[in-house]
Amino acid sequence: MQFEEIFGDDEEPDEFDFVIDTHRRRFVGLLIDTSRSMALAQTGGMAAIDALNLHLAEWLPKVRAEGRGQLRDVEFVVITFGAGGVAVASGNRKPSARDDGAFVPAARLTLGPLEAGGATPMVEAVDLALDLVEQRRRHVQEVHGQQCGGPRLILITDGEPTDFEGNPTDEWRRLAVRLQQSRETGRLMLFAFGVPGVKDDVMRELAGEEGYFRLQDLDLKRVLDLALVATAEHVGYRRVADKFEDGF
Amino acid sequence: MIGRWTVLAGSATGGAHARAAAGSQDAHAVRETNGTLLVAVADGASSAACGAVGATLVVGLAVQVFAELLRAGPPRHAHGWTTLITTGGDRLIRRFDQAAAALSRAKADLATTVTVVLAHGAWVAVFAVGDGFVVARDRGGELDLLLAPPDATGREPGRTELLPSPRDGGRRLVANLPGLSGLAIGTDGLESMLIEYDRSRPVRAGAAFGRLFALTGDDDPAALDRLLAGRQVAGLTDDDRTLILAVSSAGESAVPGES
């Protein structure tokens with residue numbers, strides 16, 4: 001229920017000096033497909049990669065604003081797979097889990113323009129994300145002594161996993177087992193968003209039925225908005241599914 | 001001099017529960033009899049099928065259990081307070097267990113935290129299961145984090161001890177606080193914005209308590225509800241939140257900076 005529904009036009013009390021630092025950290029890995037198909041596919045009269053950059057430019061300020069509120073305990077790592085192989089796009093752009101490395105607080109998340117090209121080394125990208133979030137969790141616990149919540153991975157793709165040369169690969173089957181083990185121990189949530197071109201059966205194996213969301217069109221703005229929902233603290237698969245079914 | 005207590009209670013449903021069209025899973029109850037304050041606050045576990053029922057049940061039982069024990073009047077010495085809070089805590093756990101069985105529910109379905117505070121004069125006694133917190137204020141406005149949330153080191157966020165089967169049997173403390181002028185009792189939905197941490201260790205009550213206690217002097221009984229449901233708090237937590245502010249007339253007039 002919204003504030004206005006409860007209290008009408010009554011004003012809430014003035015600003016209070018609340019503690020805004022956090023003793024908790026949560027890690028969110030955002031994995032973005034930047035393979036050649038993102039340059040070839042068209043949406044809204046432009047290449048999908050250009051549309052993605054446009055929507056990211058609108059989405060990032062929302063993330064940074066939330067980073068001063070409910071996402072203040074979230075650190076992002078953004079990994080692309082496609083142009084340039086598997087690349088870290090956030091922080092110092094190096095695959096480092098140390099401070100001032102690949103992880104960036106939500107309040108400071110920025111990204112340069114993404115380029116599309118090459119194959120779809122999705123498996124290597126997810127493996128890297130899993131390794132980095134685990135290394136970051138250990139670092140934050142051991143060095144900063146802070147409490148760490150379970151990590152989340154958000155995967156956005158329009159393709160199927162390939163090797164670095166663009167050849168289909170079965171490596172995703174090994175990854176699916178790794179992801180399933182992480183889910184079963186409650187240590188990881190993976191939200192996978194597929195847009196046209198995606199291989200549904202592979203994504204269902206990777207993300208599980210409840211973690212896979214298949215969009216019927218190349219609506220990248222909607223994907224990013226759903227990704228933001230999936231980043232929130234008290235949000236699980238059901239909540240994202242409700243938003244997805246509502247056409248959010 | 002034994003003062004009377006002025007109490008302001010506030011609560012708001014967290015965004016996650018509101019979006020799911022579920023109500024708050026927090027519950028609270030407040031009693032004052034002849035200068036003895038009894039407050040019970042509970043936070044039903046979101047993971048439990050009927051956490052809200054468990055929270056409502058336990059605050060009702062807490063009032064029943066501790067009101068019985070206080071019938072002969074509040075203890076006068078530390079030993080009496082220790083006996084009261086120990087006996088009451090044990091009895092509350094037992095009654096909750098029996099009530100859960102009577103409701104034919106799996107006990108875990110009713111999982112909840114609970115924080116019970118008794119105060120009379122300078123004496124404060126606390127029984128707590130889970131991650132609630134209690135802050136005391138003295139006549140000079142100094143704050144004391146009387147019951148801190150458990151140290152978060154190595155603990156998953158949101159994980160805590162719960163009734164009906166707390167592994168630690170619940171935390172119990174008795175304190176004599178000369179100059180006690182106020183108490184704040186809250187659920188974990190507020191701890192991240194009201195308690196200051198050093199790494200994952202809670203160390204002190206945050207500065208906001210100064211103004212929060214001042215709300216008890218307002219004529220507006222909904223001021224705290226509005227604050228907890230308002231944009232500033234909702235921007236910092238998505239969880240259910242409950243806060244009880246109690247100010248003793250014995251110490252209130254001397255607190256600097258309030259009128």
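The values are calculated or read from the model by the stated rules, or taken from the named source; none is laboratory data. Predicted, not measured: the structure shown is a model, and the values here were computed from it. Methodologically, a virtual Cβ is constructed for each residue, glycine included, from the backbone with ideal geometry; neighbour enumeration extends over all protein chains shown. Accessible surface is based on the protein model in full, side chains and every heavy atom, while ligands, DNA and RNA are left aside. Shrake-Rupley method; radii C 1.70, N 1.55, O 1.52, S 1.80 Å.
Quick one: which of A:161-173, A:41-53, B:106-118, B:206-218 comes out on top by average Cβ neighbours within 10 Å, and what's the full order, highest first? Please list the in-between numbers first.
Numbers: A:161-173: 15.1, A:41-53: 17.6, B:106-118: 24.1, B:206-218: 19.3.
Per-residue Cβ counts within 10 Å, averaged per peptide and sorted highest first, yield B:106-118, B:206-218, A:41-53, A:161-173.
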Quiz item: Under a point-charge model restricted to the Cβ atoms of Lys and Arg (+1) and Asp and Glu (-1), what is the dipole moment magnitude of segment B:5-249 relative to its Cα centre, in debye to the nearest 20?
Solution: 460 debye
Exercise. Whenever you get a sec, line up B:68, B:142 from highest to lowest accessible area (probe 1.4 Å, protein heavy atoms).
Key: B:142, B:68
Practice problem: Kindly provide the pair-distance distribution of segment A:19-111 built from C-alpha pairs, with 10 Å bins from 0 and whole-percent values in order of increasing distance. | Solution: 16, 42, 30, 10, 2
Quiz prompt | Debye, to nearest 20: dipole size of segment A:90-248, +1 on Lys, Arg Cβ, -1 on Asp, Glu Cβ | solution = 640 debye
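Please state, rounded to one decimal and in Å, the Kirkwood hydrodynamic radius that the protein assembly as shown gives when every pair of distinct Cα atoms enters the mean of 1/r. Let's see the in-between values first.
Values: mean 1/r = 0.0406 Å⁻¹.
In the protein assembly as shown this quantity evaluates to 24.6 Å.
Roughly speaking, to the nearest percent, how much of segment B:5-249's 1.4 Å accessible area is carbon and sulfur? All intermediate terms of the calculation are to be shown ahead of the outcome.
Numbers: 4480 of 9190 Å².
Here carbon and sulfur together make up 49 percent of the probe-accessible area.
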Exercise. Using only protein heavy atoms and a 1.4 angstrom probe, determine the accessible area buried between A and B, summed over both sides, in Å² to the nearest 100.
Key: 3200 Å²
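Heavy-atom accessible area per residue, chain A, 1.4 Å probe: how many Å²? Before the final figure, lay out the partial values.
Working: 11090 Å² over 248 residues.
Result: 45 Å² of accessible area for each residue.
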Self-check item: Spatially near lysine pairs across segment A:23-245, Cα under 26 Å, sequence gap of 8 or more or different chains
Solution: 6
Exercise. Can you find, among A:76, A:86, A:54, the residue farthest towards the positive end of the dipole of segment A:44-86? Put +1 on the C-beta of Lys and Arg, -1 on that of Asp and Glu.
Key: A:76
Self-check item: Probe 1.4 Å - accessible area at residue B:47, Å² to nearest ten
Solution: 110 Å²
Exercise. Binning at 5 Å from 0, report for chain A what percent of all alpha-carbon pair distances ends up in each bin.
Key: 1, 6, 13, 18, 20, 17, 11, 6, 4, 2, 1, 0, 0
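When the Kirkwood hydrodynamic radius is evaluated over all pairs of different C-alpha atoms of segment A:166-211, what value in angstrom, to one decimal, is obtained?
On the way: mean 1/r = 0.0890 Å⁻¹.
It works out to 11.2 Å.
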Quiz prompt | Computed accessible area, residue B:138, all protein chains, 1.4 angstrom probe, square angstrom | solution = 50 Å²
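Which order do A:243, A:94, A:221 take when ranked by solvent-accessible area (1.4 Å probe, heavy atoms of all protein chains), largest first? Don't skip to the end; give the middle numbers.
Working: A:243 45, A:94 125, A:221 85 Å².
The ordering from most to least exposed comes out as A:94, A:221, A:243.
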Exercise. Go through segment A:159-167 residue by residue and turn each phi into a ³J(HN,Hα) via Karplus (6.51, -1.76, 1.60, θ = phi - 60°); whole Hz please, and just put x for glycine and proline.
Key: x, 10, x, 10, 7, 5, 8, x, 8
Quiz item: Got a sec? What order do B:244, B:93 fall in by accessible area at 1.4 Å, biggest, i.e. largest, first?
Solution: B:93, B:244
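Okay, helix-only estimate at 222 nm for the protein assembly as shown: each DSSP H run of n ≥ 4 adds -39500 (n - 2.57), divide by all residues, round to 500 deg cm²/dmol; what do you get? Could the numbers behind the result be given before it?
Working: 15 runs with 167 residues, N = 507.
Computed mean residue ellipticity for the protein assembly as shown: -10000 deg cm²/dmol.
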Quiz item: Could you list, bin by bin from short to long, the percent of Cα-Cα pairs of chain B in 5 Å steps?
Solution: 1, 6, 14, 19, 20, 18, 13, 7, 2, 0, 0
Quiz item: Can you list the residues, at least 5 places off or on another chain, whose amide H is less than 5 Å from the amide H of residue B:146, using H built in the peptide plane?
Solution: B:134, B:135, B:136
